[in-house]
Amino acid sequence: MNKTLLSLTAALLSSPALADTLIDHANGIQAGARGQLEHFTGLLVGDDGKVVRVIRAGESRPHAATTIDAQGRTLLPGLIDAHGHVLGLGFAALQLDLVGTSSLDDLKQRLKTYAAAHPDARWIIGRGWNQELWPDKRFPTAADLDAIVNDRPVVLQRVDGHALVVNSAAMKAAGITPATATPPGGRIENGLFVDNAKELIDKATPPATAAEFDRAFAKAEEILLGYGVTGVGSMSTGLPDWEAMRRAGEAGRLQLRLMVYADELNLLGEVPHPTDWLFGDRLRMVGIKFYADGALGSRGAWLKQPYADRPDTRLLQFHSDAEMLALDERAAAAGFQIATHAIGDAANAQVISTYEKLSRKYGKDRRWRIEHFQIVDPADIPRIAPAGIIASMQPTHQTSDRLMAEKRLGPNRLEGSYAWQTVVKSGAHLAFGSDFPVESPNPFPGLSAGISRQDMNGQPPGGWRPAERLTLGQALHAFTRGAAYAGFAEQKIGALEPGKWADFILVDRDPTKVDAQSLARTEVLETWVAGKKVWNRAP
Ligand SMILES: [Zn+2]
């Protein structure tokens, strides 16, 4: 090889570097592998959208075709929500929003306004009410809704998704009469349909069209990117959800990175095995989600001891041990990761025992997930790390639920509840999320609760069971690296490192310099995915 050819080759080899983009003068912060904070000021991004170099203060700047001055603004990795319901968020945003209703009268007023604004809606669907926030804490009834709307069906889901209240027109459309038998694992009461009884109403609700799914997906994507969320563990994904995600990918409209968990075994016919990453690492069917119990608010969580505030509640177990093992075996044998919803301490113990058996058979790196891991017997927590079990938890559930949890459990059974620091210290992997739309998809109140055990208003002073607080680095880790690991995506996302995607956000404040209440109010200014700006706050 002669000299000219050598220098030509060198020029060719170095030319891609000259096309790179340098994001400079940033206040870069991310969580290191062990939950420590790392600081940097520059990011070199290749034309392939991946990180080439992370540059610290004082290090020399490489040449790049384009330089973007971040003007000292704070830059964080794109946040990853380990557990959310993407289409649920999109549909909720298009439906009647009852989150934060302060009373039954408030709910009625919102229903009245929505019904008047949507005269063409054949069914009125809403969600988000929580009678625990109302002065008398009484569940709403069909009669309450009939007084506002009686010409068409109304179906209003409780905030936790475990109960519906419907009007008489909806019961008529669903063929419900006083003679209708209550399904096992369900409850029907004056228009209230709890857990397995919800299906009677769901069956009668007209399904959304593909175009409505596309609209809901686009809405969800816009909301998530606006909160700085670039990756999601997409839970309880049905076939129409999966198809909407694929259509978005095929049309080049998919920006989020979705680690998808199918709803029970319903998708096995269509997607018999986990898929590869599709559309430039934006979509992957990775696992299947099962349920071991219901929710604490509606007293559907399966506890080892009776409820403190309703000692007669029984029969909350969803599956026998043998049934649960059989379900898991089918999913595991097909190569899927398993994510199981478990809220109560009895449900968590059952899932841990099942996963211990699977671990012996399939080895540890199947990353068995427990979703919520809310009320856990302290004796069971040390069992999860040895079985390779991931605790997928939602910090804002703790701030929303604490008063209700104290009532349901009494004062002496809270030790293993929402026990984030105990989980980390046990050596287990912790992933954070929000369970949107049950809670807001905004990860900043979650980060804030993670470090303070306080809500957005600083309640309670000093934090609830403050020994379970995390450091900022640990909380950020759970919302980035931990959530990526939980979805088998830690080689691609969760940290800004060479070879990983340049998914990052610019925010309006430095999380290391503000208190927890201010952290909760952080606003995202720009969201970048694969080195491209995909969202920006309107000026
Ligand atoms: Zn969920």
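Just so it is clear, none of the values below were taken in a lab; they were calculated from the coordinates. No experiment lies behind these values; they were computed from the predicted model shown. Cβ atoms come from the backbone with ideal geometry, glycine included; neighbour counts cover every protein chain shown.
Where in region 111-179 are there trypsin sites (Lys or Arg not before Pro) that are in a DSSP coil and have at most 16 other Cβ atoms within 10 angstrom of their Cβ? All intermediate terms of the calculation are to be shown ahead of the outcome.
Details: sites: K112, R122, R127, K137, R138, R158, K172; in loops: R122, K137, R138.
The qualifying sites are R122, K137, R138.
List the relative contact order of region 141-297 as a percent without decimals, with contacts defined as Cα pairs under 8 Å and 6+ residues apart.
On the way: 222 pairs, mean separation 25.5, N = 157.
Relative contact order comes out at 16 percent.
What does the net charge come to around Q459 if you take all other residues with beta carbon closer than 11 Å to its beta carbon, with K and R at +1 and D and E at -1?
On the way: positive: R402, R453; negative: D455.
Combined, the nearby Lys, Arg, Asp and Glu give +1.
Kirkwood hydrodynamic radius for region 239-311: how many Å is it when counted over pairs of different Cα atoms? Don't skip to the answer; put the middle values down first.
On the way: mean 1/r = 0.0683 Å⁻¹.
That comes to 14.6 Å for region 239-311.
Please label the shape of region 161-201 as rounded, prolate or oblate, based on the square roots a ≥ b ≥ c of the eigenvalues of the alpha-carbon gyration tensor (a/c under 1.5 means rounded; beyond that, a/b larger than b/c means prolate, else oblate). Spell out each step's value before the answer.
Working: a/c = 1.84, a/b = 1.27, b/c = 1.45.
Taking the square roots of the gyration eigenvalues as a ≥ b ≥ c, region 161-201 is oblate.
Expressed as an acute angle from 0 to 90° and rounded to the nearest 10, what is the orientation of the C-alpha long axis of helix 104-117 relative to the principal long axis of the chain?
So the helix axis and the longest Cα principal axis differ by about 70 degrees.
Could you point to the residue in V166, A92, P77 farthest towards the positive end of region 63-178's charge dipole, with +1 and -1 charges on the Cβ of Lys/Arg and Asp/Glu respectively?
V166
Helix 210-226 against the longest principal axis of the chain: what's the angle in degrees, Cα atoms only, rounded to the nearest 10?
60
Towards the positive end of the charge dipole of the chain, with charges on Cβ (+1 Lys, Arg; -1 Asp, Glu), say which of G499, F436, F139 has the farthest Cα.
G499
Given axes a ≥ b ≥ c from the Cα gyration tensor, I'd like to know whether region 126-199 is rounded (a/c under 1.5), prolate (a/b larger than b/c) or oblate.
On the way: a/c = 1.77, a/b = 1.14, b/c = 1.55.
The shape class here is oblate.
Let me have the 222 nm mean residue ellipticity of the chain computed from DSSP H runs of 4+ only, each contributing -39500 (n - 2.57), with the sum over all residues rounded to the nearest 500. Mind dumping the intermediate values first?
Numbers: 16 runs with 165 residues, N = 539.
Here the helix-only value at 222 nm equals -9000 deg cm²/dmol.
In percent, how large is the relative contact order of the chain, given Cα pairs closer than 8 Å and 6 or more residues apart?
Working: 1166 pairs, mean separation 93.4, N = 539.
17 percent.
Can you tell me what the convex hull of the Cα atoms of the chain projects to on average, as an area in nm²?
Values: hull surface 111.4 nm².
Taking the Cα atoms of the chain, their convex hull projects to 27.8 nm² on average.
Would you report the distance distribution of C-alpha pairs in region 350-474 as whole percents per 5 angstrom bin, up to the bin with the largest distance?
Per 5 Å bin, starting at 0, the Cα pair percentages come out as 2, 11, 21, 23, 20, 13, 7, 3, 1, 0.
Can you list the aspartates and glutamates whose alpha carbon sits under 15 Å from that of K108, skipping same-chain ones fewer than 8 residues off?
D97, D144, D146
Return the equivalent ellipsoid semi-axes of region 79-181 as a descending list in whole Å, where each equals the square root of 5 times an eigenvalue of the C-alpha gyration tensor.
Each semi-axis is √(5λ); the values are 22, 16, 16 Å.
Which shape class, rounded, prolate or oblate, goes with region 495-539 when its Cα gyration tensor gives a ≥ b ≥ c as root eigenvalues, a/c under 1.5 marks rounded, and past that a/b bigger than b/c marks prolate? Walk me through the numbers before you get to the answer.
Working: a/c = 3.89, a/b = 1.48, b/c = 2.62.
Oblate shape, in that a/c is at least 1.5 and b/c is the bigger or equal ratio.
Restrict the search to region 259-337; then list the trypsin sites (Lys or Arg not before Pro) that DSSP places in a loop and that have at most 15 other Cβ atoms within 10 Å of their Cβ.
K304, R314
Of A467, L525, T340, whose Cα points farthest to the positive end of the dipole of the chain (charges on the beta-carbon: +1 Lys, Arg; -1 Asp, Glu; origin at the Cα centre)?
Among A467, L525, T340, the one farthest towards the positive end of the dipole of the chain is A467.
Reachable lysines from K361, Cα under 23 Å, same-chain residues fewer than 8 places away excluded?
K289
Roughly how many debye, to the nearest 20, is the charge dipole of region 338-485 about its Cα centre, given +1 on each Lys and Arg Cβ, -1 on each Asp and Glu Cβ, and no other charges?
Working: 17 positive and 13 negative charges, 94 e Å.
Dipole size: approximately 460 debye.
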